[in-house]
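The values are calculated or read from the model by the stated rules, or taken from the named source; none is laboratory data. All of these numbers come straight from a predicted model, not from anything done at the bench. Neighbour counts are summed over all protein chains in view; Cβ atoms, including those assigned to glycine, are modelled from backbone coordinates with ideal geometry.
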Amino acid sequence: MNKLALVTGATSGIGRAFAERLAADGHDLIAVGRDRNRLEELAAAHPDVAVRTVVADLSTDDGVDAVAGICADEPLTMLVNNAGVAHYMPLAELPADKARELVHVKVVAPTLLTRAAVAGMQERGEGKIVNVAGMIAFSGPADKSVMPRRAVYAGSLAHLVAMSQTLSAELADTGVQVQALCPGVVATEFHSRQGIDMSVVPRMSADDVVTAGLRGLELGEVVCAPGVEDTGLLDAVFRADLAAFGGQSPELASRYRAG
Ligand SMILES: NC(=O)c1ccc[n+]([C@@H]2O[C@H](COP(=O)([O-])OP(=O)(O)OC[C@H]3O[C@@H](n4cnc5c(N)ncnc54)[C@H](OP(=O)(O)O)[C@@H]3O)[C@@H](O)[C@H]2O)c1
């Protein structure tokens, strides 16, 4: 029986590249997106494997619940939580419906799809979950000159990184692997969908992001950063996180005491 991968946002960019690569590697696919024509075109391009297309809007509870049901029912060997939007904007100007959409697609959907998939993966003793986050997860301390306004988007990626790290520890020795995949800028429709022209900015290909994610799983990387040459930089971040976490105490820190 073929391995079975579910990819959200399989209609374009990184998700499409994952779907193509996994199909070429003999995976049957469950391809999720909103664009029915593109899903059908993907399926037609891969007659050698079974491709089930699922039209679902992951910004809605119904869409998330439908795909979570599939994650729970099907013997997935891989789940790629990839669908995403960014909506770069100063927070006060970000329409509430766009903030809600972003949190739903980038936080609620990956959380609930992962939750739905993980029990079966544990029972079968194997499975891989890739949560497509991004290097912006680590950009919180940057000052305002550095990047477009992105508080909700950055927060959503940080959620994916912390969830993947924590869940990976929870699932140690179960055969289930979890990865937060953290590309930098990638040549996809992501920016043009928001009217931002990134064509002159050097960008990684979606294909290279997929190569890194799959090789990162083989290397056992929980946080995979395709464009970071020096993994010591990430290790230093994680050591500092743990040092700060371990440095707390129930005593009020002296700088907060009056006088
Ligand atoms: N491009 C970058 O520079 C970059 C960098 C770091 C991280 N990322 C992450 O990479 C992931 C993939 O983005 P991409 O760069 O490949 O962009 P993309 O080409 O715009 O693809 C986004 C995908 O998400 C799907 N999607 C969006 N909203 C959805 C919804 N409500 N319900 C279901 N599917 C939805 C789209 O499918 P439909 O249109 O069919 O709905 C599309 O397949 C994102 O999560 C993003 O956060 C991107």
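If a residue must be exposed (fewer than 10 other Cβ atoms within 10 Å of the Cβ) and among the polar types (S, T, N, Q), how many such residues does the range 204-251 contain?
Residues flagged as exposed (fewer than 10 other Cβ atoms within 10 Å of the Cβ) and among the polar types (S, T, N, Q) within the range 204-251 amount to 2.
Return the pair list, or none, for Cβ contacts closer than 8 Å from residues in the range 134-160 that are touching a residue at least 60 places away in the same chain (Cβ under 8 Å) and more than 18 Å from Ala225 (Cα to Cα) to residues that are within 12 Å of the ligand (Cβ to nearest atom) and assigned to a loop (DSSP other than H, G, I, E, B), at least 6 apart or on different chains.
Pro148/Tyr88; Pro148/Ile196; Arg149/Tyr88; Arg150/Ala86; Arg150/Tyr88; Arg150/Ser139; Val152/His87
Pick from Ala172, Ala142, Ala151: which is away from the ligand (no atom under 11 Å from the Cβ), more than 15 Å from the chain's Cα centre (by Cα) and under 18 Å from Phe238 (Cβ atoms)? Break it down stepwise before answering.
Values: Ala142 fails: under 18 Å from Phe238 (Cβ atoms); Ala151 fails: under 18 Å from Phe238 (Cβ atoms).
Result: Ala172 is the single residue among Ala172, Ala142, Ala151 that is away from the ligand (no atom under 11 Å from the Cβ), more than 15 Å from the chain's Cα centre (by Cα) and under 18 Å from Phe238 (Cβ atoms).
I'm told Glu41 meets every condition in (1) outside any helix (DSSP H, G or I); (2) of a type outside the set (Lys, Arg); (3) over 20 Å from the mean Cα position of the chain (by Cα) except one. Can you identify the failing condition by its number?
(1)
Does Glu189 qualify as being of a type in the set (Asp, Glu), within 19 Å of His87 (Cα to Cα) and either in contact (Cβ under 8 Å) with a residue 12 or more places away in the chain or buried (at least 19 other Cβ atoms within 10 Å of the Cβ) (or both)?
Numbers: of a type in the set (Asp, Glu): yes; within 19 Å of His87 (Cα to Cα): yes; either in contact (Cβ under 8 Å) with a residue 12 or more places away in the chain or buried (at least 19 other Cβ atoms within 10 Å of the Cβ) (or both): yes.
Against the criterion (of a type in the set (Asp, Glu), within 19 Å of His87 (Cα to Cα) and either in contact (Cβ under 8 Å) with a residue 12 or more places away in the chain or buried (at least 19 other Cβ atoms within 10 Å of the Cβ) (or both)), Glu189 qualifies.
For every residue, the table says whether it meets (1) out of contact with any Lys or Arg (no Cβ under 9 Å at 6 or more places or on another chain); (2) basic (Lys, Arg); (3) modelled with pLDDT of 95 or more.
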residue: Thr166; (1), (2), (3): yes, no, yes
residue: Gln177; (1), (2), (3): no, no, yes
residue: Ser199; (1), (2), (3): yes, no, no
residue: Met204; (1), (2), (3): yes, no, yes
residue: Asp208; (1), (2), (3): yes, no, yes
residue: Ala212; (1), (2), (3): yes, no, yes
residue: Leu217; (1), (2), (3): no, no, yes
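Without any contact (Cβ under 8 Å) to a residue 24 or more places away in the chain, under 27 Å from Val176 (Cα atoms) and under 17 Å from the mean Cα position of the chain (by Cα): is that true of Asp235 in this structure? Can you show your working first?
Values: without any contact (Cβ under 8 Å) to a residue 24 or more places away in the chain: yes; under 27 Å from Val176 (Cα atoms): yes; under 17 Å from the mean Cα position of the chain (by Cα): no.
No: the conditions fail for Asp235.
Just give me the residues in the range 3-36 being in a strand (DSSP E or B), within 13 Å of the ligand (Cβ to nearest atom) and in contact with a Ser or Thr (Cβ under 7 Å, 6 or more places away or on another chain), in sequence order.
Matches in the range 3-36: Ala31, Val32, Gly33.
Name the residues in the range 150-167 that are under 18 Å from Val209 (Cα atoms) and not in a helix (DSSP H, G or I), would you?
Kept after step one, since they are under 18 Å from Val209 (Cα atoms), are these residues of the range 150-167: 157, 160-161, 164.
Across the range 150-167, there are no qualifying residues.
Contact list please: Cβ distance under 7 Å, first residue in the range 101-112 and more than 11 Å from Val152 (Cα to Cα) and touching a residue at least 24 places away in the same chain (Cβ under 8 Å), second residue in a helix (DSSP H, G or I) and more than 11 Å from the ligand (Cβ to nearest atom), pairs at least six apart or on different chains.
Close Cβ pairs (under 7 Å, with a partner that is in a helix (DSSP H, G or I) and more than 11 Å from the ligand (Cβ to nearest atom)) amount to Thr111/Met163; Leu112/Ala68.
From Asp235, Asp241, Asp208, Asp197, which residue is more than 10 Å from the ligand (Cβ to nearest atom) and part of a loop (DSSP other than H, G, I, E, B)?
Details: Asp235 fails: part of a loop (DSSP other than H, G, I, E, B); Asp241 fails: part of a loop (DSSP other than H, G, I, E, B); Asp208 fails: part of a loop (DSSP other than H, G, I, E, B).
From the options Asp235, Asp241, Asp208, Asp197, the qualifying one is Asp197.
Which of the residues spanning the range 154-169 are touching a helix residue (DSSP H, G or I) at 6+ places or on another chain (Cβ under 9 Å) and either among the hydrophobic types (A, V, I, L, M, F, W, C) or away from the ligand (no atom under 16 Å from the Cβ) (or both)? Break it down stepwise before answering.
Step one: of the range 154-169, the residues touching a helix residue (DSSP H, G or I) at 6+ places or on another chain (Cβ under 9 Å) are 154-165, 167.
Listed by number, the residues that qualify are Ala154, Leu157, Ala158, Leu160, Val161, Ala162, Met163, Gln165, Leu167.
Could you count how many residues in the range 176-190 are closer than 25 Å to Ala162 by Cα and more than 6 Å from the ligand (Cβ to nearest atom)?
Summing the residues that are closer than 25 Å to Ala162 by Cα and more than 6 Å from the ligand (Cβ to nearest atom) in the range 176-190 gives 8.
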